[in-house]
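To start, the structure itself, in structure tokens.
The values are calculated or read from the model by the stated rules, or taken from the named source; none is laboratory data. A quick note: this is a predicted structure, and the numbers were derived from the prediction, not measured. In this analysis, Cβ positions are derived from the backbone assuming ideal geometry, glycine residues included, and neighbour counts consider all displayed protein chains. Only protein heavy atoms, including side chains, enter the accessible area calculation; ligands, DNA and RNA are left aside. Shrake-Rupley method; radii C 1.70, N 1.55, O 1.52, S 1.80 Å.
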Amino acid sequence: MALKRETGDKLFSLALLMPAVITTVLFIVIPILDSFYRSLLDFKIKNIISGTAGTWNSFQNYIKIFQSGKLLQAVWVNLVFVTAVVTLQFVISMTLALILNQKIRGSRFFRSVMMIPWVVPTVISGLVWMWIYQPQYGLLKYLVSLFSGGRITDFAILNDQNTALIGVIIAALWKQIPLGALLLLAGLSNVPSDMQEAASIDGANYWQKLTKIIIPSMMSVIKITLTMSIIENFKQFPLVWTMTGGGPNGSTTTLGVLSYREAFVSNNLGSGAAVTTMWMALMIIVVFLFNKAVRTERQV
């Protein structure tokens, strides 16, 4: 009787899991395998139009995109973008969460208002920041001219390859900080108050409580928040494409932008699939190393 009940429970659990498994296989596993297969073909738009299959060319798409120099530049830009946004987002979000966790007047209202940037669609966010950076009549140009007494009039941040990525990073932070702050704020509610009170009685200052009690107590939330941020910024495409299109001179060309250009601008779907495959592999490696490092740090 017990064995029958156990078998029934397993079958019921399997039945509940099947929709998620089928969805994952159909919309994630199969497209990934199909993309990798096409990355090994000479497959262009003309093949789709004519309905003909691509020609097998082994790893030529990978070799060509690597030899062109575009791939390494895109990888570098992607890593710089992800590192800068994730790091700054965590620092600013944590600061906001610690402030909002205090019993200050208007904190509930600010929690609601600060979510507006996150709710705004990414493309709209990009257009808003393009207007702010606009070199002729943008808000930033006006403020710089105002505070410099009119001495600085040429301030085109998105048109300069030395500052374009910074402009995109600022826009990404504006969009993503609210969610990070909200998640970390939720994590702060799980920090035991009695431990903080005991530490205060023992003479610990705020920094000691923060590093020895608060952060270790919410490491699981911090880990999830940072992992989500890494994945979100690795696959960031709409914001970059809307604001700069990958320019100027490739200074903001991430792997997502490079994949799109190869597939739909150069009409080489095989090359675009090759970039996508390497893009996904790099993201998985970075997320794996991050989670391993965080787990190791906690064990120490």
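Residue-wise test of (1) open to solvent by 20 Å² or more (accessible area, probe 1.4 Å); (2) in contact (Cβ under 8 Å) with a residue 24 or more places away in the chain.
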| position | (1), (2) |
| --- | --- |
| 184 | no, yes |
| 195 | yes, no |
| 200 | yes, no |
| 205 | yes, no |
| 208 | yes, no |
| 223 | yes, yes |
| 240 | no, yes |
(request) Could you tell me whether region 111-125 includes any residue that is aromatic (Phe, Trp, Tyr), open to solvent by 30 Å² or more (accessible area, probe 1.4 Å), touching a Phe, Trp or Tyr at 6+ places or on another chain (Cβ under 8 Å) and modelled with pLDDT of 90 or more? (result) no
(message) For region 141-165: of the residues being assigned to a helix (DSSP H, G or I) and in contact (Cβ under 8 Å) with a residue 40 or more places away in the chain, which is farthest from the chain's Cα centre (by Cα)?
(response) 159
(request) Have a look at 63, 30, 48 and point out the one that is modelled with pLDDT under 90 and open to solvent by 60 Å² or more (accessible area, probe 1.4 Å). (result) 48
(message) When you scan region 75-86, do you find a residue that is open to solvent by less than 60 Å² (accessible area, probe 1.4 Å), on the phi < 0 side of the Ramachandran plot, at pLDDT below 90 and touching a helix residue (DSSP H, G or I) at 6+ places or on another chain (Cβ under 7 Å), even just one?
(response) no
(request) Among the numbered conditions (1) within 33 Å of the chain's Cα centre (by Cα); (2) under 30 Å from residue 264 (Cα atoms); (3) assigned to a helix (DSSP H, G or I), tell me where residue 16 comes up short. (result) (2)
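Condition check: in a helix (DSSP H, G or I) and surrounded by 11 or more Cβ atoms within 10 Å (Cβ to Cβ). Does residue 22 satisfy that?
Details: in a helix (DSSP H, G or I): yes; surrounded by 11 or more Cβ atoms within 10 Å (Cβ to Cβ): no.
No.
For region 166-218: of the residues being assigned to a helix (DSSP H, G or I) and polar (S, T, N, Q), which is nearest to residue 78 (Cα to Cα)? Please lay out each step first, then the result.
Of all residues in region 166-218, those assigned to a helix (DSSP H, G or I) come to 166-188, 193-201, 206-217.
Filter again for polar (S, T, N, Q), leaving 176, 193, 196, 200, 208, 211, 217.
Details: 176: 17, 193: 40, 196: 40, 200: 43, 208: 35, 211: 30, 217: 31 Å.
The residue in question is 176.
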